[in-house]
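Here, each number is a calculation from the coordinates, and none is a lab measurement. Everything numeric in this text was worked out from a predicted model, so none of it was measured. Here the Cβ positions follow ideal geometry from the backbone for every residue, glycine too, while neighbour counts run over all protein chains shown.
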Amino acid sequence: MAVGVGCSSGQAASPSPSAKKPMDAARLGAGLLSAPNGMSVAYGPESGAYGSLKATKQGMAALKEAKVSEPDCAGVGQLDPAKLGDAPAAVVAYSSKDGSITQAIVATDTFPGPVPARCAKYKAEVAGAKVTYRTVALKMPARGERSHAFVTTAVSDGKAAQIAAMVIARKGVVTTLLVIGTKVKKEGLNELARLADEKLTRITA
């Protein structure tokens with residue numbers, strides 16, 4: 001696997017200190033990142049109600065199919081499509097032979113909490129394969145009004161892959177980035193976060 005950024009389901013969220021009237025999905029789409037060098041579009045861009053987007057539906061379906069030892073830990077630390085289904089949103093995904101990047105932008109005044117200690121390690125059965133997930137918080141430069149980042153290492157049958165996530169909130173809009181790869185580089189995630197926050201600043205100005 002390689003590097004990727006994206007969206008996923010989540011857990012209870014707390015109010016953002018500076019929520020403002022949600023903008024429409026078309027404007028949110030203007031905040032999506034362009035394809036990084038060496039990557040091509042794998043999905044989207046698509047905009048509309050968060051719960052109606054193809055990427056959101058596929059993510060929720062995958063979570064339902066997985067047998068998780070700690071069910072409420074799957075998708076923790078990110079936005080919850082089940083609670084934000086009607087929120088305006090935009091999503092895009094890029095991929096290469098080394099990995100993929102998925103980004104979602106959602107108009108919401110909620111922000112997901114950090115990954116709780118009990119979710120630092122859990123197991124799941126995905127499509128018949130047994131997977132162990134270990135998650136640690138990442139120390140990254142602060143972005144927007146609120147932000148957090150973490151990386152999850154998934155190990156199955158002796159093979160490992162990493163899933164890094166960055167969540168940024170600014171003026172009633174939240175963007176999520178998911179980077180998936182055999183070894184996610186913190187510097188690469190930081191650069192994606194910087195670019196995403198720059199675009200977020202423009203569309204919320």
Open item on the list: Using DSSP to call loops (not H, G, I, E or B), can you name the GluC sites (Glu not before Pro) in the stretch 118-205 whose Cβ has at most 12 other Cβ atoms within 10 angstrom?
Closed with: none
Task: ³J(HN,Hα), Karplus 6.51/-1.76/1.60, whole Hz, each residue of the stretch 163-171, x for Gly, Pro - done: 10, 9, 10, 9, 10, 10, 10, 8, 6
Task: Within the chain, helix-based [θ] at 222 nm, where runs of 4 or more DSSP H residues each add -39,500 (n - 2.57), nearest 500 - done: -5500 deg cm²/dmol
Task: Solvent-free Debye scattering, log10 I(q)/I(0), computed from the Cα coordinates of the stretch 80-132 at q = 0.14 Å⁻¹ - done: -0.69
Task: Proximal lysines relative to K123, as straight alpha-carbon distance under 17 Å, when same-chain residues fewer than 8 apart are discounted - done: K64, K67, K159
Task: Alpha-carbon Rg/Rh ratio, for the chain, with Rh computed the Kirkwood way - done: 0.94
Open item on the list: Could you give the length gained by full extension between E198 and V126, i.e. 0.36 nm per residue of separation minus their alpha carbon distance, to one decimal place?
Closed with: 22.3 nm
- [ ] Give the calculated FRET efficiency between A137 and E191 to the nearest 0.05, with a Förster radius of 30 Å applied to their Cβ-Cβ distance.
- [x] 0.95
Task: Gap separating the Cα centres of the stretch 30-95 and the stretch 141-205, nearest whole Å - done: 13 Å
Task: Quotient of Cα Rg and 2.2 N^0.38 Å for the stretch 102-205, N being how many residues it contains - done: 1.15
- [ ] Show the residues, 5+ positions off or on another chain, whose built amide H is closer than 5 Å to the amide H of I180.
- [x] G4, V5, S100, A164
